[in-house]
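Shown next, in structure tokens, is the structure this report addresses.
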Amino acid sequence: MTDALPVATGAFGDKPTLTFPAEPAPAELVVHVLERGTGDLVEAGQDIEVNYLGQVWGGAIFDSSYDRGESISFPIGVGMVIAGWDDGLVGQPIGSRLLLSIPSHLGYGDRGVPAAGIRGGDTLVFVVDVLGAS
């Protein structure tokens, strides 16, 4: 059985919108390639540059670099971000657009981030454009 995933609109570089299925969120990390890049593969320990939209499964958007008008950069694969990002982005080609469904145990767990509207146990969905890595 295949887990039902949200449908993301837009092409690489465009702010996406997500439409959620009626089915519950997958129990484990799912990385769905929306657009495969042709660049080098992202390696653990690199600084990665991305644009992203983050939304609670079936709920509200909690963060979007598209809305801020600037990408972000951070170390990947070394525990500086949630485990779902480390696990889902390492090994992906630069230039890819990915949809990540991240269960709470690879996100913010039982504590959530109430100030951002993320409750404990929430599954997070991100659309991520991988812009570069160095």
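Taking each residue of the stretch 104-126 that is in a loop (DSSP other than H, G, I, E, B) and looking for partners that are among the polar types (S, T, N, Q) with beta-carbon atoms closer than 8 Å, six or more apart or interchain, yields 107/123; 110/104; 112/104; 120/104; 121/104; 122/104; 123/101; 123/104.
Filtering the stretch 30-43 to residues that are under 25 Å from residue 134 (Cβ atoms), under 15 Å from the mean Cα position of the chain (by Cα) and in a strand (DSSP E or B) leaves 31, 33, 34, 35.
Table: residues versus (1) out of contact with any Lys or Arg (no Cβ under 9 Å at 6 or more places or on another chain); (2) of a type in the set (Gly, Ala, Ser); (3) outside any strand (DSSP E or B).
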{"site": "15", "(1), (2), (3)": "yes, no, yes"}
{"site": "21", "(1), (2), (3)": "yes, no, yes"}
{"site": "28", "(1), (2), (3)": "yes, no, yes"}
{"site": "45", "(1), (2), (3)": "yes, yes, yes"}
{"site": "51", "(1), (2), (3)": "no, no, no"}
{"site": "54", "(1), (2), (3)": "yes, yes, no"}
{"site": "58", "(1), (2), (3)": "yes, yes, yes"}
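For the condition under 15 Å from the mean Cα position of the chain (by Cα), of a type in the set (A, V, I, L, M) and crowded, with 20+ Cβ neighbours inside 10 Å, residue 90 does not qualify. Does any residue of the stretch 90-105 turn out to be among the aliphatic types (A, V, I, L, M), under 18 Å from residue 134 (Cβ atoms) and modelled with pLDDT of 95 or more? Yes, the conditions are met somewhere in the stretch 90-105. Filtered by the rule that a residue be crowded, with 16+ Cβ neighbours inside 10 Å, β-branched (Val, Ile, Thr) and farther than 15 Å from residue 130 by Cα, the stretch 62-80 gives no residues.
Would you tally the residues in the stretch 66-82 being in contact with a strand residue (DSSP E or B) (Cβ under 9 Å, 6 or more places away or on another chain) and either among the charged types (D, E, K, R) or under 24 Å from residue 26 (Cβ atoms) (or both)? Talk me through it step by step, then tell me what you get.
Taking the stretch 66-82 as the starting set, the residues that turn out to be in contact with a strand residue (DSSP E or B) (Cβ under 9 Å, 6 or more places away or on another chain) are 66-67, 70-77, 80-82.
Remaining after also requiring either among the charged types (D, E, K, R) or under 24 Å from residue 26 (Cβ atoms) (or both): 67, 70, 76-77, 81-82.
So the count comes out to 6.
Would you confirm whether or not the stretch 34-48 contains a residue that is buried (at least 18 other Cβ atoms within 10 Å of the Cβ) and closer than 24 Å to residue 113 by Cα? Yes, because at least one residue in the stretch 34-48 is buried (at least 18 other Cβ atoms within 10 Å of the Cβ) and closer than 24 Å to residue 113 by Cα. Of all the numbered requirements in (1) in contact (Cβ under 8 Å) with a residue 40 or more places away in the chain; (2) assigned to a strand (DSSP E or B); (3) hydrophobic (A, V, I, L, M, F, W, C), residue 74 misses one, and that requirement is (1).
Filtered by the rule that a residue be in contact with a Phe, Trp or Tyr (Cβ under 9 Å, 6 or more places away or on another chain), outside any helix (DSSP H, G or I) and under 24 Å from residue 122 (Cβ atoms), the stretch 78-98 gives 80, 81, 82, 97, 98.
The values are calculated or read from the model by the stated rules, or taken from the named source; none is laboratory data. Keep in mind that this is a model prediction, so the values were computed, not measured. Glycine gets a Cβ as well: all are built from the backbone with ideal geometry, and neighbour counts include every protein chain shown.
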